[in-house]
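One structure below.
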Amino acid sequence: MERTSREQIRLVRFLYADHGGIIRGKAAGPARLQERMSSGIGHTVAMMAMSMLDQLQPVAGMGPVGEVRIVPDPETFVALPYAPGAGAMLADLLLPDGTPWGACSRSFLKQAIIELAGEGYVMQAAFEPEFTIGRRESSPAGPSIPDRLIPIDDSLCYSSTGFHLAHDFTMELVEAMEAQGLSVEHYYPELGHGQHELAIRYADALRAADNHVLYRETVRGVAFRHGLWASLAPKPIPDQAGNGTHLHASLLEVPADGESGGRNVFADPSDRNGLSQVGYHFIGGVLAHLPALIALTCASVNSYRRLAPQMWASAFTCYGVDNREAAVRICSPLRGDPDSTVNLELKPSDSSANPYLALGAFVYAGLDGIRSKIDPGEALNVDPATLSETERAERGAHRLPASLAAALDALEADQLLMAALGPLRSTAYLAVKRSEAAHFAHSTDPYYECFQHFTKI
């Protein structure tokens, strides 16, 4: 309340991520902000059955009858540099009595974190997003043809030309990130035209997911103020490189005082890959559940334009050491800090996902590997697409689902992830995502699909 007065904030957005992967919310004015921080803002239960196309799906318990509250977390408060006079907080969807609602995605991640703590671990994580900057232009073929995203440059991968052409936008973006407490680790122009990557430093799991919501909002907000359009969609332009959002994670021991900052349990200097048995078991769990997991980490029809062999997007169930065609990459540690920097990277992941569902499901899959001591087999340190089908089968490198519909089938068949999601959340998620898969199955125009995704993600 003191900050809203001092910083002349007139509206505070209460933000959440829905099952369609869209960031939504409502805003409160300063006069009632303190009250609304406690009570929340009233919200229809139907919104968590809304697809990314704003088409409401028939889900029992998510119709016109029923109410939840959008209740913000004050620790996430930020003033929005790209929206003068506005602030934001990340929010939970709670029942009127204040208990978690069965379809709240932020509560799902919180529960996964509790499960992890029960095993003596805390996760540090970071999303590593790519995005495309361009201009939204009408098709010269007429108004019946969808708008297209025209990239701002045609520079080469990591080219200094890309730095130059996006400099003003990038510097304002970095300033906006830092103003919200998001520490920029590195930045560079990527392979695709108009494609860039800016990585934020890791944080505890809940904060990492919150950071990714703020990141998505900031990239698009800064772009709009420059008269540009920024998209984190997996494939906003059909013939350009896709945007991944690789998920990095490590596990730490929970110290005796209950605070984070313990030993990195993934690190084992005596292992040839620098990874502990806990780390291998975590990989084993992720790979065992990966066909289902990608329904949550690669959560759109558009995702599967990117998730293909030899796209550096990891289309097979395998892991490797610094293998960027493996689904799980063991990242080599940084010189001078070999223990604390050991982490795993999940490559089949993008920003069409709800980050709370994606990270929470990743935790549950890895935990299953630890609890069940699942052996991931030997590391695969070649591009799996260069092997024969027989060679891949011998090494357990199976092709991941090639469509959202197939991934949803795998999710529905995965007892562990379905149980973790719970009946209401899993039913609503499957209904929303199956409706999106069915909608785009009727279109043969890739530009229509890309339009619907680049304008929303």
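Which one of the conditions (1) part of a strand (DSSP E or B); (2) without any contact (Cβ under 8 Å) to a residue 60 or more places away in the chain; (3) open to solvent by less than 10 Å² (accessible area, probe 1.4 Å) does Y187 fail to meet, given that it meets all the rest?
Y187 satisfies all of (1) part of a strand (DSSP E or B); (2) without any contact (Cβ under 8 Å) to a residue 60 or more places away in the chain; (3) open to solvent by less than 10 Å² (accessible area, probe 1.4 Å) except (3).
Give region 345-379 a look and list any residue that's part of a loop (DSSP other than H, G, I, E, B) and open to solvent by 10 Å² or more (accessible area, probe 1.4 Å), or say none. Step through it out loud before you land on a result.
So in region 345-379, the residues part of a loop (DSSP other than H, G, I, E, B) come out as 347-354, 373-379.
Those that are part of a loop (DSSP other than H, G, I, E, B) and open to solvent by 10 Å² or more (accessible area, probe 1.4 Å): K373, I374, D375, P376, G377, E378, A379.
Suppose we filter region 268-287 for residues that are charged (D, E, K, R) and in contact with a Ser or Thr (Cβ under 7 Å, 6 or more places away or on another chain); how many remain? Walk me through it before giving the result.
Kept after step one, since they are charged (D, E, K, R), are these residues of region 268-287: 268, 271-272.
After this cut, where a residue has to be in contact with a Ser or Thr (Cβ under 7 Å, 6 or more places away or on another chain) as well, the list is 268.
Residues meeting the conditions: 1.
Quick one: which of A407, A402, A393, A326 is crowded, with 24+ Cβ neighbours inside 10 Å and either touching a Lys or Arg at 6+ places or on another chain (Cβ under 6 Å) or farther than 22 Å from N273 by Cβ (or both)? Break it down into steps so the answer makes sense when it comes.
Numbers: A402 fails: crowded, with 24+ Cβ neighbours inside 10 Å; A393 fails: crowded, with 24+ Cβ neighbours inside 10 Å; A326 fails: either touching a Lys or Arg at 6+ places or on another chain (Cβ under 6 Å) or farther than 22 Å from N273 by Cβ (or both).
Matching residue, one of A407, A402, A393, A326: A407.
Go through region 380-421 and give me each residue that's farther than 16 Å from E325 by Cα and not in a helix (DSSP H, G or I).
Residues satisfying the conditions are S403, D414.
Would you mention how many residues in region 410-421 are among the aliphatic types (A, V, I, L, M) and open to solvent by less than 50 Å² (accessible area, probe 1.4 Å)? Reasoning before the result, please.
Restricting attention to region 410-421, the residues satisfying the condition of being among the aliphatic types (A, V, I, L, M) are 410-411, 413, 416-421.
When the remaining residues are screened for being open to solvent by less than 50 Å² (accessible area, probe 1.4 Å), the result is 410-411, 417-418, 420-421.
Residues in region 410-421 being among the aliphatic types (A, V, I, L, M) and open to solvent by less than 50 Å² (accessible area, probe 1.4 Å): 6 in total.
Where the second residue is of a type in the set (S, T, N, Q) and surrounded by fewer than 19 Cβ atoms within 10 Å (Cβ to Cβ) and the first is over 24 Å from L109 (Cα atoms) and lies in region 68-96, which pairs have Cβ atoms under 8 Å and are six or more apart or on separate chains?
Between residues of region 68-96 that are over 24 Å from L109 (Cα atoms) and residues that are of a type in the set (S, T, N, Q) and surrounded by fewer than 19 Cβ atoms within 10 Å (Cβ to Cβ), the close pairs are G85/Q8.
Return the total of residues in region 422-437 being open to solvent by less than 40 Å² (accessible area, probe 1.4 Å), assigned to a helix (DSSP H, G or I) and not aliphatic (A, V, I, L, M).
Filtering region 422-437 for residues open to solvent by less than 40 Å² (accessible area, probe 1.4 Å) gives 422, 425-426, 428-433, 435-437.
Add one more test, that the residue is assigned to a helix (DSSP H, G or I), and what stays is 425-426, 428-433, 435-437.
Applying the additional criterion that residues be not aliphatic (A, V, I, L, M) yields 425-426, 429, 433, 435-436.
So the answer is 6.
Need the failing condition index for S300 against (1) in contact (Cβ under 8 Å) with a residue 24 or more places away in the chain; (2) surrounded by fewer than 24 Cβ atoms within 10 Å (Cβ to Cβ); (3) part of a loop (DSSP other than H, G, I, E, B), just the number.
(2)
Go through region 64-81 and give me each residue that's over 20 Å from the mean Cα position of the chain (by Cα), open to solvent by 20 Å² or more (accessible area, probe 1.4 Å) and not β-branched (V, I, T).
P64, G66, E67, R69, P74, E75, F77, A79, P81
Taking region 438-447 as the search range and keeping residues that are part of a helix (DSSP H, G or I) and open to solvent by 60 Å² or more (accessible area, probe 1.4 Å), which one is modelled with the lowest pLDDT?
The first filter runs over region 438-447 and keeps only residues part of a helix (DSSP H, G or I), leaving 438-441, 446-447.
If we keep only those that are open to solvent by 60 Å² or more (accessible area, probe 1.4 Å) as well, we get 441, 447.
Numbers: A441: 95, Y447: 92.
Per the criteria, the residue is Y447.
Being among the charged types (D, E, K, R) and in a loop (DSSP other than H, G, I, E, B) is the filter; apply it to region 101-149 and report the residue that is surrounded by the most Cβ atoms within 10 Å (Cβ to Cβ). First the steps, then the outcome.
So the first thing to find is which residues in region 101-149 are among the charged types (D, E, K, R), and the list is 106, 110, 115, 119, 128, 130, 135-137, 147-148.
Now narrow it down to the ones that are in a loop (DSSP other than H, G, I, E, B): 119, 147.
Working: E119: 12, D147: 17.
Across region 101-149, the extreme among qualifying residues is D147.
Please verify whether region 328-344 includes one or more residues that are in contact with a helix residue (DSSP H, G or I) (Cβ under 6 Å, 6 or more places away or on another chain) and either over 19 Å from Q124 (Cα atoms) or at pLDDT 95 or above (or both). Steps first, please.
Step one: list which residues in region 328-344 are in contact with a helix residue (DSSP H, G or I) (Cβ under 6 Å, 6 or more places away or on another chain), which gives 328.
Checking which are either over 19 Å from Q124 (Cα atoms) or at pLDDT 95 or above (or both) leaves us with 328.
Yes - at least one qualifying residue is present in region 328-344.
Kindly indicate the residue of region 31-56 that is of a type in the set (A, V, I, L, M) and more than 25 Å from the chain's Cα centre (by Cα) and also surrounded by the most Cβ atoms within 10 Å (Cβ to Cβ) among those meeting that condition.
Filtering region 31-56 down to residues of a type in the set (A, V, I, L, M) leaves 31, 33, 37, 41, 45-50, 52-53, 56.
Going one step further and asking which of them are more than 25 Å from the chain's Cα centre (by Cα), we end up with 31, 33, 37, 41.
Details: A31: 9, L33: 18, M37: 20, I41: 18.
Taking the candidates together, the pick is M37.
Right, V278: assigned to a helix (DSSP H, G or I), open to solvent by less than 20 Å² (accessible area, probe 1.4 Å) and in contact (Cβ under 8 Å) with a residue 60 or more places away in the chain or not?
Numbers: assigned to a helix (DSSP H, G or I): yes; open to solvent by less than 20 Å² (accessible area, probe 1.4 Å): no; in contact (Cβ under 8 Å) with a residue 60 or more places away in the chain: yes.
No; evaluated as a whole, the condition is false for this residue.
The values are calculated or read from the model by the stated rules, or taken from the named source; none is laboratory data. Just so it is clear, the model here is predicted, and its values are computed rather than measured. Because the Cβ atoms are built from the backbone with ideal geometry, glycine has one as well, and the counts that use them run over all protein chains shown. Only protein heavy atoms, including side chains, enter the accessible area calculation; ligands, DNA and RNA are left aside. Shrake-Rupley method; radii C 1.70, N 1.55, O 1.52, S 1.80 Å.
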